[in-house]
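Taking it in order: structure first as structure tokens, then the write-up.
The values are calculated or read from the model by the stated rules, or taken from the named source; none is laboratory data. Remember, it's a predicted structure, so these values are computed and weren't measured experimentally. Neighbour counts are summed over all protein chains in view; Cβ atoms, including those assigned to glycine, are modelled from backbone coordinates with ideal geometry.
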């Protein structure tokens, strides 16, 4: 019975897809920005299906580098970006800073992994890591927050090993770490996908710790953290709610299609200079699992409650109020039905 319903659902979604890329909307254009890397996977299906137009609106995709790049693009008053994929805590910073922004959906539930050639023989443990130096990115972002929570009192920032502590050295860019790994200068590091896959290529580096699992263990949670999200500017949402819903729906469809045949989506990303490794394992490790409405709100609030205790500045001081979340019960119900039969 479930297979029959799934077939019906797929047919209906195909019809929606065909309409969405040729329909009508109030706006004549929509600009969607996103950071390159794992978060880009959330938009890969939309980019493949609607490369130039969606709901009658011209669509422009803008790939940027890192947290700073996406924050700058979204707040640039002279070069308007309407929607974006960004770190969830950055969205909170913007909202708490007075920006009219809505969280439409969560996307990646963590894509951070520790790799090492010191513990690649299966001897790794958090206890064994003490006295070693760990290299990482994202001191002020999600990676830094996750590491502080996972290591607790063992965490220390130091360029040299510290007895009984995990010494963390932060880099401004993952490419620095990857280059040093290839040269044999770094032996243990935390990176996000797809940098993890790139760093392990042609080296003896192996994944020794899934930071998502470590986070759940450290927090006692049954779910990982919502690292990235889809956001929209308030004025754009008011004028184009159905268009925003269609774009959000594509992030869900994309998460399903990535598990079936990711090759066309990977090619779509490559076509807009946002290349991603065509590796099923790398795609799986990006943990693209969109949630909407009250489901997204619950996950984000749980995450932010922990972040506030670790570093309140990471979310702009306080937990965002209800105005931060886009809630539409009918839309959320539709998305849950799609997920249930996928």
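What pairs come out if I take residues in the range 170-194 that are on the phi > 0 side of the Ramachandran plot and assigned by TED's automatic domain parsing to the domain that holds residue 142 and pair them with residues that are assigned to a loop (DSSP other than H, G, I, E, B) and modelled with pLDDT under 95 whose C-beta lies under 8 Å away, six or more apart or interchain?
Listed pairs, sorted by first residue: none to list.
Here is a yes/no grid of residues against (1) over 15 Å from the mean Cα position of the chain (by Cα); (2) within 17 Å of residue 33 (Cα to Cα); (3) not assigned by TED's automatic domain parsing to the domain that holds residue 201:
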residue	(1), (2), (3)
263	yes, no, yes
271	yes, yes, yes
274	no, yes, yes
278	yes, no, yes
281	yes, no, yes
287	no, no, yes
290	no, no, yes
293	yes, no, yes
297	yes, no, yes
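Which numbered condition in (1) crowded, with 16+ Cβ neighbours inside 10 Å; (2) farther than 20 Å from residue 107 by Cβ; (3) assigned by TED's automatic domain parsing to the domain that holds residue 30 is the only one that residue 233 fails?
If we test residue 233 against (1) crowded, with 16+ Cβ neighbours inside 10 Å; (2) farther than 20 Å from residue 107 by Cβ; (3) assigned by TED's automatic domain parsing to the domain that holds residue 30, just (2) comes out false.
For the range 175-189, does any single residue satisfy the condition of being out of contact with any strand residue (DSSP E or B) (no Cβ under 6 Å at 6 or more places or on another chain), under 24 Å from residue 71 (Cα atoms) and in a helix (DSSP H, G or I)?
Within the range 175-189 (the criterion being out of contact with any strand residue (DSSP E or B) (no Cβ under 6 Å at 6 or more places or on another chain), under 24 Å from residue 71 (Cα atoms) and in a helix (DSSP H, G or I)), the answer is yes, since at least one residue qualifies.
Might you let me know whether the range 72-79 holds any residue that is in a helix (DSSP H, G or I), buried (at least 17 other Cβ atoms within 10 Å of the Cβ) and over 13 Å from the mean Cα position of the chain (by Cα)?
yes
Quick check on the range 149-160. Is at least one of its residues modelled with pLDDT of 95 or more, within 17 Å of residue 196 (Cα to Cα) and not assigned by TED's automatic domain parsing to the domain that holds residue 307?
no
Test each condition in (1) crowded, with 20+ Cβ neighbours inside 10 Å; (2) touching a helix residue (DSSP H, G or I) at 6+ places or on another chain (Cβ under 8 Å); (3) under 25 Å from residue 210 (Cβ atoms) for residue 299 and report the one that comes out false.
Result: residue 299 passes all but (2).
Answer yes or no: is there a residue in the range 268-276 that is touching a residue at least 60 places away in the same chain (Cβ under 8 Å) and under 21 Å from residue 223 (Cβ atoms).
no
Look at the range 171-192 and say how many of its residues are at pLDDT below 95 and either surrounded by 15 or more Cβ atoms within 10 Å (Cβ to Cβ) or over 12 Å from residue 136 (Cβ atoms) (or both).
Residues flagged as at pLDDT below 95 and either surrounded by 15 or more Cβ atoms within 10 Å (Cβ to Cβ) or over 12 Å from residue 136 (Cβ atoms) (or both) within the range 171-192 amount to 2.
Restricting attention to the range 30-52, which residues are in contact with a strand residue (DSSP E or B) (Cβ under 6 Å, 6 or more places away or on another chain), surrounded by fewer than 23 Cβ atoms within 10 Å (Cβ to Cβ) and without any contact (Cβ under 8 Å) to a residue 60 or more places away in the chain?
31
Within the range 140-174, track down each residue that is part of a loop (DSSP other than H, G, I, E, B) and within 17 Å of residue 188 (Cβ to Cβ).
Listed by number, the residues that qualify are 158, 159, 160, 161, 162, 163, 164, 165.
Determine which single condition residue 211 fails, assuming it passes every other condition in (1) in contact with a helix residue (DSSP H, G or I) (Cβ under 8 Å, 6 or more places away or on another chain); (2) within 18 Å of residue 145 (Cα to Cα); (3) surrounded by fewer than 20 Cβ atoms within 10 Å (Cβ to Cβ).
(3)
Scan the range 315-336 residue by residue and report those that are assigned to a helix (DSSP H, G or I) and either within 15 Å of residue 105 (Cα to Cα) or modelled with pLDDT under 95 (or both).
322, 323, 324, 329, 330, 331, 332, 333, 334, 335, 336
Restricting to the range 94-139, give me the number of residues that are in a loop (DSSP other than H, G, I, E, B) and under 16 Å from residue 67 (Cβ atoms).
So the first thing to find is which residues in the range 94-139 are in a loop (DSSP other than H, G, I, E, B), and the list is 97-100, 109-111, 117-125, 130-132, 138-139.
Within this subset, residues satisfying the condition of being under 16 Å from residue 67 (Cβ atoms) are 97, 99, 110-111, 138-139.
Count: 6.
Do the conditions hold for residue 248, that is, is it in a loop (DSSP other than H, G, I, E, B), in contact with a strand residue (DSSP E or B) (Cβ under 6 Å, 6 or more places away or on another chain) and not assigned by TED's automatic domain parsing to the domain that holds residue 154? Walk me through it before giving the result.
Numbers: in a loop (DSSP other than H, G, I, E, B): no; in contact with a strand residue (DSSP E or B) (Cβ under 6 Å, 6 or more places away or on another chain): yes; not assigned by TED's automatic domain parsing to the domain that holds residue 154: yes.
For residue 248, the condition - in a loop (DSSP other than H, G, I, E, B), in contact with a strand residue (DSSP E or B) (Cβ under 6 Å, 6 or more places away or on another chain) and not assigned by TED's automatic domain parsing to the domain that holds residue 154 - is not met.
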